[in-house]
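Throughout, read-outs are computed from the coordinates displayed, never taken from laboratory work. Since the model is a prediction, treat every value here as computed from it, not as a measurement. With ideal geometry, Cβ positions are generated from the backbone for all residues, glycine too; neighbour counts draw on all protein chains shown.
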Amino acid sequence: MAFLNAMLLAYARRGINPQAMLHHAQIAPAILKKPGSRVTALQFELASGLAMRELDDEALGWFERPLPWGSYGMLVRASLTAPTLEVALKRWCRHHNLLTHSIQLQLTVQEGLATLELVELRDLGEVREFCIVSVLRNALGVACWLSDSRIGLTGTTLRYAAPPHHRSYRVLFDGPCRFNAKSNRLQFDAGYLALPVRRDEAALQRMLERALLLTVRPYRRDRLLVEKVRQTLSQYPRETRRAEDLADRLNLSVRTLHRQLKEEGSSLQQLKDTVRRDLSMRLLNRSQRPLKQIASAVGFKSEKSFIRAFKGWIGKSPDEYRNDGSS
């Protein structure tokens, strides 16, 4: 409700009656000042969407001048042709900084950690919290959408004191959240920055029909997890035979590992088969190592189980595959 009241402040400053917006979102005026009251994600999405149009300001009064309707769509379009998420986010920050002198966004990478920082260039006043949270959540939502992946945060820091509704921040930002910090920033595994941008103009047009979902609702699919599982299986084939051992290396529970892979449309067995198949084919092509050694190297306990699995993958036995390759 604190964010909705900040939105109403923008209406008051412009001398515009917010009644139509509240009615559109089915928000009763009586609850606006009620301590502890809340609105649903859908109500907030509807209220924000109409407010941006009525005020012709997608920033909802945060900055020194309005950002006309379509400004953030323009930013997304400018990042759409980037080859990777890192390039896309750097473009987003650079172009966002051209729109306002109130804040500055910057992306940095150090020791495997990506940091998206919001620097305050002027006093944001009563809309400070609403502005900072909205801009950071918007940038995170766009990054998730561009890469079609949930980006898990390792931490969030904010320069202001914890508000009365600070428990709600668990919904806004996953991972630890610290207030009264030296900077406003989100941090996440830099591996996400290497993900390719997966969207095109047609996808952008569909997204813009309900763009506020990127800010209001967290993205669920995590594509980086699949890459991490592949890398770990490839690097430690013997040590990751059991799901428990793999999950432990990824700092996940077995249940979470299986659930997140399912959300991605994959499974641990599929990934194991793919990694083992590719590795065994390389070893068969590039070495004369006995099958028993290859079986062990790719993570099988016995030569017999390796031969059976390989024939299921390729349609040939390992010896047949090796002989075909050398002939």
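Which of Gln231, Gln260, Gln288 ends up with the largest GNM mean-square fluctuation for the chain, with Cα atoms connected below 10 Å?
With Cα springs under 10 Å in the chain, the top fluctuation among Gln231, Gln260, Gln288 is at Gln288.
If I build a Gaussian network model for the chain, linking alpha-carbon pairs within less than 10 angstrom, which residue out of Ser280, Ser317, Ser234 has the largest mean-square fluctuation?
Answer for the Gaussian network model of the chain: Ser317.
Nothing charged except the Cβ atoms of Lys and Arg (+1) and of Asp and Glu (-1): what's the magnitude of the dipole of the chain about its Cα centre? Round to the nearest 20 debye.
1060
Cα centroid distance between the stretch 176-217 and the stretch 32-99, in Å?
If you average the Cα positions of each part, the centres end up 12 Å apart.
Hand me the trypsin sites (Lys or Arg not before Pro) from the stretch 222-306 located in a DSSP loop with no more than 11 other Cβ atoms within 10 Å, in residue order please. Numbers along the way, then the final one.
On the way: sites: Arg223, Lys228, Arg230, Arg238, Arg241, Arg242, Arg249, Arg255, Arg259, Lys262, Lys272, Arg276, Arg277, Arg282, Arg286, Lys292, Lys301, Lys304; in loops: Arg238, Arg241, Arg242, Lys301.
Loop-located and lightly packed - Arg242, Lys301.
Assign unit charges at the C-beta atoms only (+1 for Lys and Arg, -1 for Asp and Glu), then state the dipole size of the stretch 1-134 relative to its Cα centre in Debye, rounded to the nearest 20.
For the stretch 1-134, the charge dipole is close to 240 debye.
Provide the net charge surrounding Gln187, with neighbours chosen by a C-beta distance below 14 Å and charges set as Lys +1, Arg +1, Asp -1, Glu -1.
Result for the local shell: -1.
Let me have the 222 nm mean residue ellipticity of the chain computed from DSSP H runs of 4+ only, each contributing -39500 (n - 2.57), with the sum over all residues rounded to the nearest 500.
-15500 deg cm²/dmol
Rounded to the nearest 0.05, what FRET efficiency do Val109 and Leu42 give with R0 = 41 Å and r taken as the Cβ-Cβ distance? Could you check?
That pair, Val109 with Leu42, gives E of 0.70.
If you take the charge dipole of the chain about its Cα centre, with +1 on Lys and Arg Cβ and -1 on Asp and Glu Cβ, which of Tyr192, Leu158, Thr274 is farthest toward its positive end?
Working it through, the farthest residue towards the positive pole turns out to be Thr274.
Whats the longest run of the chain with zero GluC sites (Glu not before Pro) that are DSSP loop and have at most 10 other Cβ atoms within 10 Å?
210-327
What is the Cα convex hull volume of the stretch 66-216 when expressed per residue in Å³? Don't skip to the answer; put the middle values down first.
Numbers: hull volume 16.5 nm³, N = 151.
Cα-based convex hull of the stretch 66-216, divided per residue, equals 109 Å³.
How big is D, in µm² s⁻¹, for the chain by Stokes-Einstein at 37 °C and 0.692 mPa s if Rh is the Kirkwood radius over C-alpha pairs?
The estimated diffusion coefficient comes to 145 µm²/s.
Short version: ³J(HN,Hα) in whole Hz for each residue of the stretch 168-179, in order, from phi by Karplus 6.51 cos²θ - 1.76 cosθ + 1.60 (θ = phi - 60°), x for Gly and Pro, what are they?
Couplings: 5, 5, 5, 7, 6, 9, 6, x, x, 10, 10, 9 Hz.
Do any of Lys262/Lys304; Lys262/Lys316; Lys272/Lys304 go past 26 Å between their Cα atoms, and which?
Table pairs above 26 Å Cα-Cα are Lys262/Lys304; Lys262/Lys316.
What number comes out for the charge environment of Leu50, summing +1 per Lys or Arg and -1 per Asp or Glu over other residues with Cβ under 15 Å away?
Computed value for this residue: -3.
Once the other residues with Cβ under 13 Å from the Cβ of Gly315 are scored (Lys, Arg +1; Asp, Glu -1), what is the net sum?
+2
For the chain, calculate the relative contact order in percent as a whole number, restricting contacts to Cα pairs under 8 Å that are 6 or more residues apart.
That works out to 13 percent.
Check which residues have an amide H placed less than 5 Å from Asn184's amide H, if you skip close sequence neighbours.
Leu118, Arg159
For the stretch 80-87, take each phi angle, set θ = phi - 60°, evaluate the Karplus expression 6.51 cos²θ - 1.76 cosθ + 1.60, and give the result in whole Hz per residue in order, putting x for glycine and proline.
Once rounded to whole Hz, the list reads 5, 8, 5, x, 10, 5, 4, 5.
Restricting attention to the alpha-carbon atoms of the stretch 239-327, what are Rg (one decimal) and Dmax (integer), both in Å?
Taking only Cα atoms of the stretch 239-327, I get Rg and Dmax of 14.8, 47 Å.
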